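Visitor: Let me begin by handing over the structure; questions about it come next.
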Amino acid sequence: MSDLANYDPDIYNLIEKERLRQVNGLELIASENVVSKSVLEAVGSILTNKYAEGYPGKRYYGGCEFHDQIEDLARNRLCELFGAEHANVQAVSGSQANQAVYFAFMQNGDKMMSQDLAQGGHLSHGSPVNITGKWYSVSHYGVDKETETLDYAQIAEQARKEKPKMIVCGASAYPRTIDFKAFKEIADEVGAYCMADVAHIAGLIAGGQHPTSVGVTDITTTTTHKTLRGPRGGAIMCGSENAVAIDKSVFPGMQGGPLMHVIAGKAVCFREALTPDFKEYAKQIVKNSQAMAEVLISEGLDLVSGGTDNHLILLDLTNLATNGSHLTGLEAENFLGEAGITVNKNTIPREKLSPFVTSGLRIGTPAVTSRGMKEEEMKQIGHWIAAVLKDVCKDKGSKKAITEVRAEVEALASGFTLYPEVR
Ligand SMILES: *Cc1c(COP(=O)(O)O)cnc(C)c1O
């Protein structure tokens, strides 16, 4: 019996239940992934015992000689992966990475421009309910009403009028390619810093499936746990001219001791992402989401912007009628969840419902691609999603499609183990 099972069966059993949930279901949350056993091992290691405030060679604690080497490996590998001049791997999450960048270059009350949360942006991009929206003055841009894609001419016009100190690009729910060069040109024209937040697409960039922001915008922030397939965490990349400001802002500006076990996990993740296998993985993520998008369209469902260039699909549910109203994102998330398909409700452009209800659904392929699934499986899943949504539209009490799909999902999942050695 494991130590944990023996000492704390409550927690042990809940971890085991969650493991089975992950094994038996299909994780289609666009921001989630499945890390390797090597990453798990690093994150679960004794490195968690140590304080290492500061940076390699300049710590505020003794005994950091191995932590220095670990952090240097993580920083160097991240620089190599993206061709960056400088990397900071201490940000504990994507939100903290973003806050550190704002804190480095903006004063309280300065203006930033960023994509509206309701139209694909992120809370940490100045949402009114987030600390970033309270500390900075924010002007949001959205997507074009017709194309539901970014209109760079419109954004440039807004930037000229608003004269922000910083322009933030990057999104959480945007299925199309982002033109970082266009954003940098707009920022240069109005004398603003340009920050790209590639949290969602970092793995696609690393794998050559999306144009990079590194070396284009002034700063790039990311998470390490989405398409990059590493442990939960954040990272920042920039040119050497901004290195000191960024490092100071993360520590001592925002954080205390770094999570060295997680930094070790990040180093492992970056090593994995440098391999040819990872390039194939990134390519397959996009092929998979496009294969699923095609099926959903053929089933008569509406996709925001009409399709996808990346790892995610945004379903617009407003034409899925259920006596007088339409199926909400919240309902769709729950019905698909009962069928073993985990997705999340999401606002869509021109959203009329609250962020807790929404009219959309975000579907992503990174995690199922990590399990080895390819286009054939994606088409199957696309048909299952359509079957469940259509059946519950006819009758919200119906369990017919849900029950059928649940069985098929479990059969499919059993052929694609999460960790082959853990059954
Ligand atoms: C996920 C995400 C983040 C934040 O990540 P956390 O690690 O959850 O703080 C920041 N920006 C974007 C665009 C994201 O999608």
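Bear in mind these aren't lab numbers, they're just calculated from the coordinates by the rules spelled out. Everything quoted here is computed from the prediction, not taken from an experiment. Note that each Cβ is placed from the backbone with ideal geometry, even for glycine, and that neighbours are counted across all protein chains shown.
Visitor: For Glu16 and Thr275, what is the calculated FRET efficiency with R₀ set at 30 Å and r taken between the beta-carbons, to the nearest 0.05?
Guide: 0.45
Visitor: In the neighborhood of Glu272, defined by Cβ-to-Cβ distances under 14 Å, what is the net charge if each Lys or Arg adds +1 and each Asp or Glu adds -1?
Guide: Combined, the nearby Lys, Arg, Asp and Glu give +2.
Visitor: Given points 7 Å out from each Cα along the Cα-Cβ axis, report the Ile46 to Val244 separation in nanometres with one decimal.
Guide: Calculated label separation equals 3.9 nm.
Visitor: For a footprinting-style exposure proxy, rank Glu85, Glu162 by other Cβ within 10 Å, fewest first. Present the calculation step by step, with values, prior to reporting the outcome.
Guide: Working: Glu85 14, Glu162 17.
Fewest to most other Cβ atoms nearby, the residues stand as Glu85, Glu162.
Visitor: Can you pull the one-decimal nm distance between simple spin-label points at Ser325 and Tyr60, each 7 Å off the Cα toward Cβ?
Guide: 5.1 nm
Visitor: Let me ask something additional. Can you give me the long-range amide H partners of Cys194? Hydrogens built in the peptide plane at 1.01 Å from N, cutoff under 5 Å, separation of 5 or more residues or another chain.
Guide: Ile167, Asp218, Ile219
Visitor: Please state the relative contact order of the chain as a whole percent: Cα pairs under 8 Å, 6+ residues apart?
Guide: Taking the mean separation of contacting Cα pairs over the length of the chain, I get 22 percent.
Visitor: Could you work out how far apart the two model spin labels at Phe416 and Val129 are, taking each label as a point 7 Å from the Cα in the direction of the beta carbon, and quote it in nm?
Guide: Going from the Phe416 label point to the Val129 one covers 3.2 nm.
Visitor: Quick one: go through the range 225-244 and flag any residue whose amide nitrogen is under 16 Å from the point 7 Å out along the Cα-to-Cβ line of Asp188.
Guide: Under 16 Å, as judged by backbone N against the label point of Asp188, lie 239 of the range 225-244.
Visitor: A further question follows. Tell me the relative contact order for the range 40-274 as a rounded percent, counting alpha carbon contacts under 8 Å between residues six or more apart.
Guide: Values: 470 pairs, mean separation 70.6, N = 235.
Reported relative contact order: 30 percent.
Visitor: Around Asp110, with a cut-off of 12 angstrom between Cβ atoms, what is the net charge of the other residues, counting Lys and Arg +1 and Asp and Glu -1? Each step should come with its number before you reach the end.
Guide: Values: positive: Lys111, Lys163, Lys165; negative: Glu162.
With Lys, Arg at +1 and Asp, Glu at -1, the neighbours total +2.
Visitor: Test of understanding: ordering Asp10, Asp179 by Cβ neighbours within 10 Å, fewest first, what list do you get?
Guide: Details: Asp10 7, Asp179 14.
The fewest-first ordering by Cβ neighbours comes to Asp10, Asp179.
Visitor: Karplus couplings for the range 365-382 from phi (6.51 cos²θ - 1.76 cosθ + 1.60, θ = phi - 60°), rounded to Hz, Gly and Pro as x?
Guide: The phi angles translate into 9, x, 6, 5, 5, 4, 7, x, 6, 10, 3, 4, 5, 5, 5, 4, 4, x Hz.
Visitor: If we count every other residue with Cβ under 12 angstrom of Phe183's Cβ, Lys/Arg +1 and Asp/Glu -1, where does the sum land?
Guide: -4
Visitor: Could I ask something else about it? Residue by residue through the range 103-116, which ³J(HN,Hα) values in whole Hz follow from phi under the Karplus form 6.51 cos²θ - 1.76 cosθ + 1.60 (θ = phi - 60°), with glycine and proline marked x?
Guide: Taking θ as phi minus 60°, the curve returns 5, 6, 10, 10, 9, 3, x, 4, 9, 10, 10, 7, 6, 4 Hz for the range 103-116.
Visitor: Moving to a separate point now. Taking the Cβ of each residue in Trp135, Trp384 as the centre, tally the other Cβ atoms inside 10 Å and list the residues starting with the fewest.
Guide: Ordered from fewest to most neighbouring Cβ atoms within 10 Å, Trp135, Trp384 come out as Trp135, Trp384.
Visitor: Indicate, rounded to the nearest 5 percent, the antiparallel portion of the DSSP beta bridges found entirely in the chain.
Guide: Bridges in the chain are about 60 percent antiparallel.
Visitor: Taking the chain as a Gaussian network, where each spring joins two C-alpha atoms under 10 Å apart, which residue of Gly121, Gly397, Gly300 fluctuates the most?
Guide: Gly397
Visitor: Oh, and also: Given the peptides 346-358, 70-82, 306-318, arrange them by the average over their residues of other C-beta atoms within 10 Å, most packed first.
Guide: In decreasing order of mean packing, 346-358, 70-82, 306-318 become 306-318, 70-82, 346-358.
Visitor: For the range 97-214, what class follows from the C-alpha gyration tensor (a ≥ b ≥ c being the square roots of its eigenvalues): rounded when a/c is under 1.5, otherwise prolate if a/b is larger than b/c, else oblate?
Guide: Details: a/c = 1.40, a/b = 1.25, b/c = 1.12.
Judged from the Cα gyration tensor, the range 97-214 comes out rounded (a/c under 1.5).
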